[in-house]
Structures are given as structure tokens and as C-alpha cells.
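Structure first, then comments.
Coordinate-derived values only; no laboratory data. Predicted model only: the values in this text are computed from it and were never measured. Reconstructed Cβ throughout: ideal geometry from the backbone, glycine too, with neighbour counts over all protein chains shown.
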Amino acid sequence: MKNRTAITLFGGSGDLTYRKLLPAMYNLHVLGKLEDNFEIIGLGRRDYTTEDYIAIARNWMKEYSRKQYADETFNEFAKRITYFKIDISNVDEYARLQDFYTSKEISDHVYYYAVAPELFLTITEGLRKYCSQNKAKIIIEKPFGADLDDATKLNSKLEEFFGHDEIYHIDHYLGKEMIQNILSVRFNNAIFKGIWNKDFIESVQITVAEAVGVGTRAGYYDKSGATKDMVQNHLLQVLSIVAMEEPKDSSMDREQLELLKALKPVNKVEDILVMGQYDGYLQENNISENSKTETYVALKVEIENERWQGVPFFIRTGKKMATRESQVIVKFKAENSAPQNMLIIKVQPSEGIYLKFNAKKPGTDKELQEVSMDFCQSCILENRINTPEAYERLLDACFKGDRLLFSKWDQIVVSWNYINNILAKHKAIGSPIYTYEQNTMGPKEADKLTDWILDLE
Ligand SMILES: NC(=O)c1ccc[n+]([C@@H]2O[C@H](COP(=O)([O-])OP(=O)(O)OC[C@H]3O[C@@H](n4cnc5c(N)ncnc54)[C@H](OP(=O)(O)O)[C@@H]3O)[C@@H](O)[C@H]2O)c1
């Protein structure tokens, strides 16, 4: 056997594969980061030949790859790709898949679960039954399970079959350039390191606003909602990076976990949570009649530890909002009743750091004016070209066996516990889901939590 390596994309004909995974691998190919004999196998039910599949992929690459598309380079890249038609919900179909692997002499595998979470267990069963001789790593997409029970069941099956260290829970927010930059900014600057605590910080806001609606994800989304789809994973992961203690070594697992464990359990959910649904959601395809699924959530999170006692963290996310913007805003306490300093970390689409502070107005004795320093990272063409996309960075890390930027099972458990408790309380007291207009920043009821800020430019 030639000991070939392959990535198998369950969901190879899906949105994530076309827009993110194949472009990420194209970039890795261009950079020479894929082994010579590395293969890409796209799985789906659609009746494609490999040629059809490559033709579709070519168009997506032109649109989505970071590295400039070139026919010759793509043709070389395309030699790695095979499309394999299969119904992955049928466990016995995996016998055919294993025959295919054997015919290609592939022994080292990365299985990427880029499908709806309902299929995760079946895939695991199919691989266990027919493909157990293979050496394998698993990359698994969010949401990891529909709730904690579901996630636990899934995790024990995955660990039993693949082993704890071979499971890579992907949270692409952890691969984003500016999320990583939070670590550099926090821990390598005396001006921030010393004041990153309750004595100087009044509050923190984390916003992930999406301008799009549910689109083609309606079937899944309607069962999930914004809290499980975004808060349980992305927003709590970002929050943990903003608030954790300084990691003692190159791993930040322990510090993130400790922070998540310190989230204050919620008592009166009506005081800290506002949910909304955009006007027109019920008319979208594949949404159940009278759906009560939230497409917007705003939440006040408190942290019970010495660093953050009494400092609220406000997080919000929603669809069909007025803008597509992800930002972390740190609001400092006022000095001498002057306007508050603010640090804004812009995560996407623009990337950068913006600091607002006070200075003397020229020509006056003491009058203050608010001034700013704006480091726009993504305004520099070279930065844009040289910055890997989140999926590119994470796939590369997984191929190298580097688990640093993947979320960990113990963190997922703590996050699910926190979110389950909130959702159960919200349901128990029959809290409302407020309708909000499209192209706004969500229901006005969320203003009772805080004065939300976005983009001070
Ligand atoms: N899209 C994103 O930007 C994004 C971002 C973050 C996370 N995710 C996560 O990634 C996963 C996939 O999302 P997506 O947006 O790519 O979904 P999608 O566009 O709906 O694609 C679903 C994929 O699953 C395949 N599939 C479904 N049932 C199958 C079956 N029985 N047998 C074989 N293939 C089957 C479909 O193949 P056929 O169509 O050929 O049947 C298709 O390739 C989800 O867990 C989602 O939460 C997506």
C-alpha cells in the first residue's frame, strides 16, 4: 500500500464545502502545504461525475479563493479531487466507500463532518462498521449536538471509535485572524495587560451581526435558533478568549475552561436575555408554521471570578440585521467624568483595532475632545493577501496534528450547560420572542440590557 492521505468531505456538495473548504484547500495547495499524494474526496447524493464536480468547484474557486485563481494551478489541484456519490444515512453504503478507499490505496484519513448534525452519529456508525482499519482524524462542524445529552452521546461514540485526541471540534471563529490577535493585544502590551480587569473596565460588548437571513439552512436553523447556532459555540468561545487568564504555556485550554466554568448561572432570565425573530422569517421556505425560533439573541453574561466580578459582558447576534459586522468592544471606566475610553477589536468583515481616548482640544486651556487611533489591518492589501482564511488555518493545523485552535470537549460541556439552563428557563416562563424589522439591529427591547455600540468610525 502507498500510504496515501485523504480528506473525505461528508457534505462535499454543500455550501460550506464550496465556499470555504475547497477554497481553503486550494490555497494550501498553492502554498505547497498539501502533501504530493494528498487526495480530496467529496461525498454527496447528487448525481455528479467527478468532472461535473470539478467544473462546479472551479467556478467557486474563482469567486472564493484567497490566492488568485489560475487555470493551470487549478487543473493541478483538481487532480487531487474525486466525487463519490453515496447516501451517508445508510450505514451499509460505507462498505462501498471502504472499497473505494482500498482501490485508491488510501490509509490515512481525515473525515470532515460538514453535514447537518443529525447525520453525525450515522456517519460514525458507518465508519466504525466498515472503515475501522483506517488511521483517522475527525473534524466535526458545529453545532456539536442538539443539546448537552445529544452532544454527550455523540462524543462518547466518537471517542470510543476514534479516540479523544483524534477529534477536532471546529469553531471557525477560533481561526479568525483578529480573534487570535486578541491574545497578542491582551498579553503583549503593557498598556492593556495591566488594565484588563474590573478596576478599569466597565463592560464588554461582543456583537456578531449577520445581514443574511436563514437562506438554504432553514431546515436546520429552525430547529436550532441563534442561541444554539451561534452563542453556545462562537460567542462563548470569543468571550472566553477576551476574558480568560493569561495562558501559562502554548495551550490555552485550561484558561478557557476555567473562564467558562466561572460564568454566573442565570436566575432571572427575563433580566438578562432578549430574543427576537425577524419580520418575514415565517414566510421563508422550510420554516415551520408559527415557528418560535429566535433569529436574534442578546444576553448579559456575568463572570464570577476576581478579575471580572461585577463587569457585565453583553453579547448579541442576529440575522437580517442592518450590517454584517463582528466586533468586540471594551468600554473603560470614565476618568474625572471625561468620556469613556473604548477599544474596538474589529473581527469581520474589516479587521483592525480602534482606540478612542481623550485629548486636549487645540487652542483651548483644558477643553477635552475625543480622538481616536485606528489600525485598519485589512486596509493593507498585503495583509489581506497574506492572511489565511479561518478554515485554511484550521485545516492546515489539523493536518499537522495541532489541536490548539480547536474547541475542546470539556469546554463544549460547560457551554452547553450554561446555554441549556438559559433556554430551559426562557421556555419555562414563556418569555416572548420579539419581532424585529429586517435591516435593523434587532428588537428595541434589547436596549434595556445596555447601550449597544457598533462601529465608531
Ligand atoms: N455553510 C456555512 O457557512 C457553515 C458555516 C459554519 C458551519 N456550518 C456547518 O456545516 C455543516 C454543513 O452546512 P452546509 O451549509 O454546507 O449545508 P448544506 O449546504 O445544506 O449541505 C449539506 C450537505 O450534506 C449532504 N447530505 C445531506 N444528506 C445526505 C445524505 N443522506 N447522504 C449524502 N449526503 C448528504 C448534501 O449532499 P446532497 O445535497 O448532494 O444531497 C450536502 O452536500 C452544518 O453542520 C453547518 O452547521 C456551515
Using each residue's phi in the stretch 272-277, evaluate 6.51 cos²θ - 1.76 cosθ + 1.60 at θ = phi - 60° and report the 3J(HN,Hα) Karplus result to the nearest Hz, with x for Gly and Pro. 10, 10, 10, 10, x, 9
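Averaged across orientations, what area in nm² does the convex hull of the alpha carbons in the stretch 154-199 project?
On the way: hull surface 21.2 nm².
With every direction weighted equally, the projected area is 5.3 nm².
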If you build the Cα gyration tensor of the stretch 354-457 and take the root of 5 times each eigenvalue, what three semi-axes come out, in whole angstrom, biggest first? 36, 31, 15
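For the chain, take the convex hull of the Cα atoms, compute a quarter of its surface area, and give me that in nm², please. Don't skip to the answer; put the middle values down first.
Working: hull surface 95.2 nm².
With the hull built on Cα positions only, its mean projection is 23.8 nm².
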Quick one: helix 390-400 against the long Cα principal axis of the chain, what's the angle to the nearest 10°, folded into 0 to 90? 50
Around residue 110, which amide H atoms from residues at least 5 apart in sequence, or from another chain, sit under 5 Å from its own amide H, with H modelled in the peptide plane? 6, 7, 8, 137
Relative contact order computed over the stretch 1-112 (Cα-Cα under 8 Å; 6+ residues apart), in percent: 45
Nearest-ten-degree value, helix 94-104 long axis tilted from longest Cα axis of the chain: 80
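Please give the FRET efficiency for residue 361 paired with residue 261, using the beta carbon to beta carbon distance and R0 = 45 Å, rounded to the nearest 0.05.
About 0.45, to the nearest 0.05.
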Log10 I(q)/I(0) at q = 0.16, 0.23 Å⁻¹ for the stretch 100-216, from Debye over equal alpha-carbon scatterers, is -0.91, -1.29
Among 292/427; 264/320; 292/319; 268/425; 228/292; 331/448, which pairs are too far apart, with a Cα-Cα distance over 20 Å? 264/320
Degrees between helix 409-428 axis and first principal axis of the chain (Cα, 0 to 90, nearest 10): 60
